[in-house]
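I have placed the structure first, in the form of structure tokens, so that the comments after it can refer back to it.
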Amino acid sequence: MKKINVLVTSAGVMSAINVIKSLQLQRDYEIHILATDVDPYAPGLNLSDIQYISPPIKEEDEYIKFLLKIIRQHNVSVLYPCYSKEISIISKHQKDFEKIGAHVLVPSVEVINHCNDKLRTSQFVESLGIPIPKIIDNPSLNDLPLFSRRLTSSSSKGAILVKYLYHLEHLTLSNENRIYQEYIDGMEYTIDILCDRNSNVLIAAPRKRLATKSGQTVKGITVNNTLLNEYVTKICKAVELIGACNIQFMERENKFYFIEINPRYAAGGLMLTVNAGSNIPLLALKVMLGIPIENSELRHIPDIGITRYWEEIILNKINGADE
């Protein structure tokens, strides 16, 4: 069995931990996991085979040089960027990684920026004939309650349910660029998705988000829904998404409203999708290395549930990590 060296970056974020755990679940390949993070206490470092402390992502040139050095040193063939703020940086330097044999499966910088612009993305999705919560340009008392998000943000950061006029006035007087939309009170869905390099959806795995904390699923259940699959297939092709992403919807009176696209592995419920039959990080590895994918690997079993709890890693000593 040939060993495959992979590099998972920003190992402190939950999406990176999900990628590492997903790769460790499979038994078909000998996958050797290297992980990096700026924080020596990042939990994903301690789940990997080899750990490195990285420069800050904001020091882009040094960060890229650091990654290239590790890739050369360990003959890394697959790179998994996991932190929202670094994916566009990795995308920008994708050719540099591929020149030395490390495959990356991420969208273009333009597509990432498109997805991160909540207003632009919502308007684009609406143009595809997919419902969105009504956008409110000049919100007033009569529009309450409404939902507000930063124009560019990741996950639930800056997302607020606005119920009261004083709260709305505070937001509108702030210097933040925000999008205001009607509040959809209903069931929230996330669809975990993997697209090939031509933006074709290989797997779309919907799940209900029964409970969330800090934007991450802590209780959920898998479902089958033809309409959601049709919606995300249309969105991914039109937006030209590549690799892993997740798309969120709200349901009200049997109608699904698009909320947002996150062009990265899910931080909360990805392990639910993996355990329901679709190991998306492993499937991404196969796409990157040109390994055929069997239909049996594209399963999505409904009515599989997840509940989450804190789990600790005890460290006998902290010596940073490999320099």
Inset, instruction - Calculate for the chain the 222 nm mean residue ellipticity that helices alone would give, adding -39,500 (n - 2.57) per DSSP H run of length 4 or more and normalising by residue count, nearest 500 deg cm²/dmol. - result: -9000 deg cm²/dmol
Legend entry - residue 301-residue 62 FRET efficiency (beta carbon distance; Förster radius 45 Å; 0.05 resolution): 0.55
Inset, instruction - Give me the lysines in straight-line cross-link reach of residue 3: C-alpha distance below 16 Å, same-chain residues under 8 apart excluded. - result: 286
Inset, instruction - Please work out the FRET efficiency for the pair residue 49 and residue 211, using the Cβ-Cβ distance as r and a Förster radius of 35 Å; give the result to the nearest 0.05. - result: 0.55
Inset, instruction - Write down the Å³ per residue value for the convex hull defined by the alpha carbon atoms of the chain. - result: 145
Inset, instruction - Sort 273, 233 from largest to smallest accessible area, using a 1.4 Å probe on the heavy atoms of the protein chains. - result: 233, 273
Legend entry - Quarter of Cα convex hull surface for the stretch 212-289, i.e. mean projection, nm²: 5.8
Inset, instruction - Indicate the gyration tensor shape class of the stretch 142-197 (rounded, prolate or oblate), computed on the Cα atoms with a ≥ b ≥ c the square roots of the eigenvalues: a/c under 1.5 is rounded; otherwise a/b larger than b/c is prolate and the rest oblate. - result: oblate
Inset, instruction - May I ask you to give the solvent-accessible area per residue for the chain, in square angstrom, as obtained with a 1.4 angstrom probe? - result: 49
Inset, instruction - Could you count how many Lys pairs in the stretch 22-161 have their Cα atoms under 29 Å apart, skipping same-chain pairs fewer than 8 positions apart? - result: 26
Inset, instruction - Would you mind computing, in nm to one decimal, how far apart the modelled labels at residue 151 and residue 311 are, each placed 7 Å from Cα along Cα→Cβ? - result: 4.1
Inset, instruction - Using label points projected 7 Å from each Cα along Cα→Cβ, tell me how many nm separate residue 126 and residue 75, to one decimal. - result: 5.4
Legend entry - Relative packing of 125-134, 75-84, 36-45, which averages over residues the other C-beta atoms within 10 Å, highest first: 75-84, 36-45, 125-134
Legend entry - Cα centroid separation - the stretch 153-192 against the stretch 229-301, whole Å: 25
Inset, instruction - Quick one: grab the alpha carbon gyration tensor of the stretch 10-110, order the square roots of its eigenvalues as a ≥ b ≥ c, and give me rounded if a/c is under 1.5, else prolate or oblate depending on whether a/b is larger than b/c. - result: rounded
Inset, instruction - Could you count how many Lys pairs in the stretch 205-258 have their Cα atoms under 26 Å apart, skipping same-chain pairs fewer than 8 positions apart? - result: 8
Inset, instruction - Treating only the Cβ atoms of Lys and Arg (+1) and Asp and Glu (-1) as charged, compute the dipole magnitude of the chain about its Cα centre; round to the nearest 20 debye. - result: 260
Inset, instruction - With the cut-off at 20 Å, report for the stretch 130-243 the share of all Cα pairs above it, as a whole percent. - result: 54
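The values are calculated or read from the model by the stated rules, or taken from the named source; none is laboratory data. These figures come from a predicted structure and were not determined experimentally. Quick reminder, even Gly has a Cβ in these numbers, built from the backbone with ideal geometry, and neighbours come from all protein chains shown. SASA here: full protein model, heavy atoms, side chains in, ligands and nucleic acids out. Shrake-Rupley method; radii C 1.70, N 1.55, O 1.52, S 1.80 Å.
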